[in-house]
1. Can you tell me the order of 623-632, 760-769 when each peptide is scored by its average per-residue count of other Cβ atoms within 10 angstrom, highest first?
2. How much accessible area per residue does the stretch 135-247 have, in Å², with a 1.4 Å probe?
3. Taking the chain as the reference, fit the longest principal axis to its C-alpha atoms, fit the long axis of helix 501-516 to the helix C-alpha atoms, and give the angle between the two in degrees, 0 to 90, nearest 10.
4. Which links in Lys374/Lys417; Lys297/Lys323; Lys21/Lys848; Lys465/Lys612; Lys395/Lys664; Lys625/Lys847 stretch past 31 Å when you go from one Cα to the other?
5. Loop-only check: which GluC sites (Glu not before Pro) in the stretch 637-734 are DSSP coil with at most 14 other Cβ within 10 angstrom?
6. How large, in percent, is the carbon and sulfur part of the accessible surface of the chain at a probe radius of 1.4 Å?
7. Can you count the Lys pairs in the stretch 679-807 whose Cα atoms are under 13 Å apart, with each pair 8 or more apart or on different chains?
8. Report, to the nearest 10°, how far helix 782-793 tilts away from the longest principal axis of the Cα atoms in the chain, using its own Cα long axis and a range of 0 to 90°.
Amino acid sequence: MPAPSDKDELVIEGLRQNNLKNISVRIPHNVITTIVGLSGSGKSSLAFDTLFAEGRWRFIESLSTYTRLFLERMDRPDVDTIRNIRPAIAVEQKNPVRGSRSTVGTTTELNDYLRLLFSRVGRLHCPECGSPVYKSGPEPAAESILAGRPGEPVYIGFNINLNGKQPEEAAAELLGKGFIRVKAGADIIDISEGFTELPRSFGVVTDRLIVKESERQRLTEALETAFSAGNGAAWAYTPGKGEEAFSTELICRECGTRTERPTSISLSFNHPVGACPECKGFGNLLKYDEAKVLPDKTLSLREGAIEPWTKPAYRWWYEELEKHAHNYGIDLNKPFEKLSARERRLVFEGTSDFEGINDFFDYLESKKYKLHIKVFSSRYKGQVACPSCKGTRLKKQALSAKVGGLNIAEASALSIKEAREFFSTIELTSFEEAISEEVLKQIRAKLEFLSHTGLGYITLDRLTKTLSGGEAQRVTIATQLASSLCGVLYILDEPSIGLHPVDIDMLTSQLERLSSMGNTVVTVEHDPGMIRRSSHVIELGPGSGEKGGHVVWAGPTKEFLKGARTLTADYLAGREEIHVPRWRRKGSGRYIQIRGASGNNLKSADLSVPLKTMTCVTGVSGSGKSTLVVDTLYNVLASHFGEKSEPAMPYSSVHGLDNLSGVKLIDQSPIGRTPRSNPLTYIGGFDEIRKLFSGLSSARAMGLAPGDFSFNVPGGRCESCKGEGVEKLEMYFLPDVYVKCAVCGGKRYKGHVLDVKYRGRSIYDVLETTFEDAILLFPNEPGLQRRFSVLKSVGLGYLKLGQPATTLSGGEAQRLKIARELVEESSGDVLYILDEPTTGLHMDDVKKLLSVLGALVDSGSTVLMIEHNLDCIKSADHVIDLGPRGGGEGGAIVASGTPEEISRSPRSLTGKYLKKVLH
């Protein structure tokens, strides 16, 4: 039986998961506990491979017997005892969404509440002409007439159709019912005095009167009669002023279009009832993109301006154009951009003598049942807004309901900050307020949590797959806050990723709120501000990999900051620090410049990057950093140097292209999506190791070749798991689970291949070795030594050679890419663009990374990085700060210069925080 005092703590005893060395720790409930330590010290092993894995195990135990058939094949953490563990929710820094149907609104369930709100209290408008549409009855119609036509003569009536009856017969029938006047066009005819003829459709007058308050009762009765006889439709007519129509059905008074109130389902673009039929609810279509067909319009037709016609298989199309061009006055030697409108039209549409670009793609469409043609044609397609729904994803009918003057698509296009303000100040009638009270409460709460986690700049209709790992994580945090759960164990992986210091303060307050609701919050974190504001600290170490895995400190944060003598505590106390550089590089005096960048929220920004320097682009979340650096600058340069890229965001001009020899984007995307990919194959060392093994006498005796030591091809690999070492179990309602192969025990190879040993280690043992240890294992292999030493220098010495790529964090993947660039030793004048390279790094690892990046710059290259880490920013040669805020309030370069100059800028939020670390 656990001791009574245990109930307030999560107790772990004898934990040996991965590199953890039989540790025992206690984690207090209902507070924030931060796990700190060097990269690879065992933080994720404790937080995710132990706490989350055990929490998931216990959850599955509560499920049906059928589901639990899988349990024997699932790995549990290697631990003696875990007591008082709560249901666990892991919030990782990965974005698992790949589809285009999920948006921020659907992920946070805000879309569900918006659909309820708009279906219940939305004010209807005609889907054709946009006029207000509403049901009417005798009383509302009388009120409208009294308000709009005071003191005027008015005829009240309804319309009928002869339906094959003779005029005399119809007139006699009307007279028999007491109606003596009809309206034909603008004329009022008294049928009691005789008539010549009646049109096929005409109006019947139920009464005529002068509009005034004393006649309200009479007016209402006349309208009642008209509605009754007119099958729910009536009108009021004043000579010279026109007719006003009323209906008990939803019919537009202006154009007569019949409509209906949208339901919650018909407001969903993920349901066939509401989705636009042309784009199926995606909001865009794949069409042939002129920018891809004609990527360089400075080329002439003869020089290959039409890119697909430069391919040998389709050269005939250009030759036909060349043969007849002179007959139509098409200049083959003039740059395409300078051709006249007539010449361009002929090139696209063709003539009777030659076929144009449009005909060429029609031909490809007719042949796309052939796979190679389908793949080829897809290169020239791009997404364009759906012409039917204009990108709103919904049918016209769904957009007819408006709240506060906006339809649901317009409300979803608001940023979270704008939406919060809109729904806080929205004006509704008392009736509408009563209907929507609970819905509005939920909408406002969710928007508040999203805003307070630093996401105010993101729009509700933004695709979830376009969020960074940090943004996706904060969306999940906000959703959990809004769910108001208690008694839950939340495990967060560096929630401060991608956040400016000003946003981190807001996020920490939200996590404190989460713990105060009765939840246990465990974060893996490197940010000094978040560590200081936690209640409890566990530091693992003292080193990485096999040198880590020990608890070097566990206790209250106040005691940690005051008396601990650990690496993290030394940095927080100032005993260790990343020093401000004694001098800053001036650069080569040359620049790469983008003028008039205006994509997303950028406000015609002019970016100027000094070459042969280390430059940081800073700013609050949503200020436009990625749009400027990646979506504009990188895509422009990548296109120029022939790299595969997306079309660049709008800009006016680019200068300094001749000053560069290439560009490389080093981001946090995975190096591979299956367990087959690993760091060793990525940096190119596996071929050398396989040759080394195949050259051993025992391998030659068995006739083993280098290919037999590969787990990617048949031969020496285990065929049960195809060399992966694990098998994937699809859990359907839970994430897929990877378990060890039952045949090879996770070792990937057949038994006789594993019998071959190099210095006492099999090929499997080598793949399980860390890069730091591998340096000692291969002392006489200079190629491997160089590769492994570079990995150690970027702080990845703790990684195993064969560690599956699926287990690497975004920060580790990015540093692997940096290492590969250093290994390849590219020539100078290359611009390296890095997106938050300090992600996942301890302060001591940041120091190592800065040294490596400095070496890259000293070799003649330029490093441009998007960064929030103040130690990294203060070490830069040049800083470009965007802002002043996020979203619509950002998009401008507020300051540019050395870190010292930024710290003195009154407009720079970054400068305010930078000033504290420049000493």
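1. My ranking of the peptides, most packed first, is 623-632, 760-769.
2. Heavy-atom SASA per residue in the stretch 135-247 reads 52 Å².
3. 80
4. Violating the 31 Å Cα-Cα cut-off are Lys374/Lys417; Lys465/Lys612; Lys395/Lys664.
5. Numbers: sites: Glu643, Glu688, Glu719, Glu724, Glu727, Glu730; in loops: Glu643, Glu719, Glu724, Glu730.
Loop-located and lightly packed - Glu643, Glu719, Glu730.
6. Carbon plus sulfur share of accessible area: 50 percent.
7. 5
8. 60
The values are calculated or read from the model by the stated rules, or taken from the named source; none is laboratory data. The structure presented is a predicted model; accordingly, all values stated were derived computationally and were not measured. Cβ sites come from the backbone with ideal geometry, for glycine too, and all protein chains shown count toward neighbours. Note: accessible area is taken over every heavy atom of the protein model, side chains too, but ligands, DNA and RNA are not part of it. Shrake-Rupley method; radii C 1.70, N 1.55, O 1.52, S 1.80 Å.
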